[in-house]
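Everything on this sheet refers to the single structure shown next.
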Amino acid sequence: MVNAIALLGFNHQGVSHLSGIVTLVGIEAVQANGAVAVHLVAMLASFVVGAAASGAIVGGQALVLGRRYGVCLFVEAALLLAAMFVLLRGSSAGDFLAAAACGLQNAMTSTFTGSMLRTTHVTGVITDLGVALGLKARGESIGPRRVALYLLLVAGFLGGGAAGAFGFTAWGYLALAAPCALVFLIGIGALWLSPKGA
């Protein structure tokens, strides 16, 4: 949802698609659009800061649900809420807050799953699906559960994009309230499900 809202509103630039952002930095630099290139570099840096915040809060231990994930989710919700208000005031600084939220989200899910899942882009998931097809052609398999998970992620990304587009068309930047609320509720769930003392 956040990336769809970004593509429709934040200077028509996604906040979680780093390959695209890095490519655009090169293009803008060659075309001598320094201000745009600097803005894009700041978005990259914001994504990295969000990922670093996840690393600092969660640590590097995979597959261990704990209160730290709830804290991360609350920070992400706060970043999305702040991005919404900043963008509603007409400041493109909201781009940086949204990018930081995406970096935190991606790093947190990557840490939790041992780098098996990334939730802010689907390039890896689509690649893994292609590998699965290639393995199937060879008579091998990566397992139906993993393929189902990949398909679920693609469907989630597609559904989120559609919801973000619908939300932005109807409410503009206020549509960021939906992913903000969703992340906040998941944060409450993460705290509730965390083992005592974790």
Here the residues of the range 74-98 lying in the modelled label zone of Ser194, meaning backbone nitrogen under 13 Å from a point 7 Å along Cα-to-Cβ, are 74-75
The exposure ranking of Leu185, Leu176, fewest beta-carbon neighbours within 10 Å first, is Leu185, Leu176
HN-Hα couplings for the range 11-18 via Karplus (6.51, -1.76, 1.60; θ = phi - 60°), in whole Hz with x for Gly/Pro, come out as 6, 6, 10, x, 10, 10, 8, 5
Phi angles of the range 162-168, converted by Karplus (6.51 cos²θ - 1.76 cosθ + 1.60, θ = phi - 60°) into ³J(HN,Hα) in whole Hz with x for Gly and Pro, give 5, 5, x, 5, 4, x, 5
Per-residue Cβ contact counts at 10 Å, fewest first, order Asp95, Asp128 as Asp128, Asp95
Taking r as the C-beta separation of Val41 and Ala155 and R0 as 41 Å, the FRET efficiency to the nearest 0.05 is 0.80
A chain fully extended from Ile27 to Trp171 at 0.36 nm per residue, minus the present Cα-Cα distance, gains in nm 48.6 nm
In terms of the alpha carbon gyration tensor, root eigenvalues a ≥ b ≥ c, rounded if a/c is under 1.5 and otherwise prolate when a/b exceeds b/c or oblate, the range 30-103 is oblate
Dividing the helical contributions, -39500 (n - 2.57) per DSSP H run of n ≥ 4, by the residues of the chain yields a 222 nm value, nearest 500 deg cm²/dmol, of -25000 deg cm²/dmol
Projecting the Cα atoms of Ala32, Ala178, Gln13 onto the charge dipole of the chain, where Lys and Arg contribute +1 and Asp and Glu -1 at Cβ, the residue farthest towards the positive end is Ala178
Shape call for the chain, from the Cα gyration tensor axes a ≥ b ≥ c (a/c under 1.5 means rounded, otherwise prolate when a/b beats b/c, else oblate), comes out oblate
Least to most buried among Ser141, Ser54, by other C-beta atoms within 10 Å and fewest first, runs Ser141, Ser54
Comparing Gln13, Gln31, Gln105 in a Gaussian network model of the chain (Cα, 10 Å), the one with the largest mean-square fluctuation is Gln31
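Based on the Cβ-Cβ distance from Ala93 to Ala163, what FRET efficiency comes out when R0 is 25 Å, to the nearest 0.05?
Numbers: r = 25 Å, r/R0 = 0.99.
The calculated FRET efficiency here is 0.50.
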Computed Rg/Rh for the range 132-183 (Cα atoms; Rh = Kirkwood radius) stands at 1.27
Residue separation between Ala56 and Val131 times 0.36 nm, minus their alpha-carbon distance, gives in nm 23.7 nm
Along the range 78-86, Karplus-curve 3J(HN,Hα) (6.51, -1.76, 1.60; θ = phi - 60°) to the nearest Hz, with x for Gly and Pro, reads 5, 5, 5, 5, 4, 4, 4, 5, 5
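Dipole of the chain, Cα-centred, from +1 at each Lys and Arg C-beta and -1 at each Asp and Glu C-beta, to the nearest 20 debye? Working shown, then result.
Working: 9 positive and 5 negative charges, 110 e Å.
Dipole about the Cα centre, nearest 20: 520 debye.
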The summed charge of the Ala83 Cβ neighbourhood (under 15 Å; Lys/Arg +1, Asp/Glu -1) stands at -1
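Values in this text are rule-based calculations from the coordinates and carry no lab data. Worth saying up front: this structure is predicted, and the values here are computed from it rather than measured. Positions of Cβ are generated from backbone atoms using ideal geometry, with glycine treated the same way; all protein chains shown enter the neighbour counts.
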